[in-house]
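The values are calculated or read from the model by the stated rules, or taken from the named source; none is laboratory data. What you see is a predicted model; the values in this text were computed from it and never measured. When we count neighbours, we look across all protein chains shown, and the Cβ atoms used for this are built from the backbone with ideal geometry, even at glycine. Ligands, DNA and RNA are excluded from the accessible area calculation, which covers all protein heavy atoms including side chains. Shrake-Rupley method; radii C 1.70, N 1.55, O 1.52, S 1.80 Å.
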Amino acid sequence: MDFLPFFLGYVGIFGIVAVLVLFANSTPYFSSVSDRIKQIIIRTVHKVVPTFIINLVKDIVHYVFNTRNHVMQFMFGILVVGGNVILMMDVMPLLYIFEPEENHMFLPMVFLFVNLAAFHLSCATDPGHITSSNVAMLASLYKADGIMFKAGSQCSTCKLAKPARSKHCSICNRCVHRFDHHCIWTNNCVGAGNLRWFFGFLWTLVVMVVNGAVMGTRAMMLMVQHLKIMDSGYVDPSTGNVLPVTIPVMIQHLFMQHPRCVFLISSLFMLTVLLGLFTLYHTYLLLNNQTTNERYKIADLPVVKLGGHPQDEASHKESTSPGSSENKQQRDKNGRHLSGQDQKKNSKSSRKQASSPKSGENRKVENNTAVRGHKCDEKDVSSFYNKGLYQNICEVLFPWSDLAEMQEVAPQNVQSTDSIHKRKKR
Ligand SMILES: [Zn+2]
Ligand SMILES: [Zn+2]
């Protein structure tokens, strides 16, 4: 049968493209895979396509993916509206034929409206633009862990102090507080200010996609039952024999009769899996108070291969991990936030300690290479900002800007999210 390989080929290509588009900017692993695939495509294309076309495509790709523009927002609009149009024109009429007493319109419209509202908010809300007027306040919200974020560092472009967990977005050309990643779909950074809307957008999108897939499947199943397709037979064109209908034959028949429906349903099922995984990954980060940017930083931490006795490894772990005694001191004393100078002193003394001949007497460092991979202190680094489930969720739902308003505190007087949460409890 020609249909099945064609259909599976479509599913495979759609799946690979969707994985790369969804995950390439979000996980270090897929980023490296997409980079490798990009290299292979570029090498192949350079052999076949004329240079002026390559340069034109490069300019378009640079404009779409590396500058602030509305192309992908427009694309998202087309996909969502297009999907809902197919749902309304092809799927709903079938459902109203077989189940006329039910309201099939209400839920999809609610999901569409809520999703577009969340999309608009994650596009339009300030993610946490760091300016000269708020930098001092934002720098007081998180302590530098000394590994991913160094105290006292400055953004070379904005010429402003770099608060811990912030990052300069090269696409938006600004530093963003609690930077997660730059989302090409929303044409905006995802940061402390709009993370809750970004989550609202992701979860409502997943719900909308699941609902569409379920509705489409139900419509097709009702039609198969009503027409008793599985009980009938078909004529094999090669032999002329009448054969019983199998599931692949039934799918092919539905595809020929309702191509848009089958296309929509198969795309929605794949999107359910991929968007679901993407959303679960971001939810996992949220629950552990981590950002995508921090996952990248952890993945890029240098791996220090240690030789000799296992005790040596343990001593190294203690001296470099953010969970080591002095870092713990910084973390445990939530009330007293160390000043930048104190932290600088501490990080200097920690470096001294780590490099002093006394502490490293028995240590035999064989190799010190920066590679992506497993780090001995990865777990401690990744949990540095983890304050527990409740606090982590509160931090996303009520970012600093809301809390300052709720407490009627001038931004300059906001000490830290912890102290505000404590005041709020009282
Ligand atoms: Zn900057
Ligand atoms: Zn950005």
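Every condition in (1) open to solvent by less than 70 Å² (accessible area, probe 1.4 Å); (2) at pLDDT 95 or above holds for His120 except the one numbered (1). Quick check on Leu107: is it more than 16 Å from ligand 2 (Cβ to nearest atom) and either open to solvent by less than 10 Å² (accessible area, probe 1.4 Å) or within 25 Å of the chain's Cα centre (by Cα) (or both)? It is false that Leu107 is more than 16 Å from ligand 2 (Cβ to nearest atom) and either open to solvent by less than 10 Å² (accessible area, probe 1.4 Å) or within 25 Å of the chain's Cα centre (by Cα) (or both). Condition (residue is acidic (Asp, Glu), within 13 Å of ligand 2 (Cβ to nearest atom) and part of a loop (DSSP other than H, G, I, E, B)) applied to the range 177-190: is it met by at least one residue? Scanning the range 177-190, I find at least one residue that is acidic (Asp, Glu), within 13 Å of ligand 2 (Cβ to nearest atom) and part of a loop (DSSP other than H, G, I, E, B), so the answer is yes.
Quick one: is Ser132 in contact (Cβ under 8 Å) with a residue 24 or more places away in the chain, open to solvent by 40 Å² or more (accessible area, probe 1.4 Å), within 16 Å of ligand 1 (Cβ to nearest atom) and in a loop (DSSP other than H, G, I, E, B)? When the stated conditions are applied, Ser132 passes them.
Only residues that are in a loop (DSSP other than H, G, I, E, B) and touching a helix residue (DSSP H, G or I) at 6+ places or on another chain (Cβ under 9 Å) were counted in the range 165-176, giving 4. Among the conditions (1) within 16 Å of ligand 2 (Cβ to nearest atom); (2) not in a helix (DSSP H, G or I), Trp197 misses just one, which is (2). Does Asp90 satisfy the condition of being more than 23 Å from the chain's Cα centre (by Cα), modelled with pLDDT under 95 and under 30 Å from Gln39 (Cα atoms)? No, not satisfied. Is it the case, given these coordinates, that Asp126 is among the acidic types (Asp, Glu), surrounded by fewer than 24 Cβ atoms within 10 Å (Cβ to Cβ) and either modelled with pLDDT under 95 or not assigned by TED's automatic domain parsing to the domain that holds Thr279 (or both)? Judged against the criteria, Asp126 is a match.
Is it true that some residue in the range 133-141 is within 28 Å of His62 (Cβ to Cβ) and either more than 16 Å from ligand 2 (Cβ to nearest atom) or touching a strand residue (DSSP E or B) at 6+ places or on another chain (Cβ under 8 Å) (or both)? Within the range 133-141 (the criterion being within 28 Å of His62 (Cβ to Cβ) and either more than 16 Å from ligand 2 (Cβ to nearest atom) or touching a strand residue (DSSP E or B) at 6+ places or on another chain (Cβ under 8 Å) (or both)), the answer is no, since none of the residues qualifies.
Listed here are the residues, each with its yes/no results for (1) without any contact (Cβ under 8 Å) to a residue 12 or more places away in the chain; (2) of a type in the set (Ser, Thr, Tyr); (3) closer than 30 Å to Ile265 by Cβ.
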| residue | (1), (2), (3) |
| --- | --- |
| Gly128 | no, no, no |
| Ala144 | no, no, no |
| Ala151 | no, no, no |
| Gln154 | yes, no, no |
| Asn187 | no, no, yes |
| Gly191 | no, no, no |
| Gly200 | no, no, yes |
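Of the residues making up the range 204-217, none is assigned to a helix (DSSP H, G or I), more than 33 Å from the chain's Cα centre (by Cα) and modelled with pLDDT under 95.
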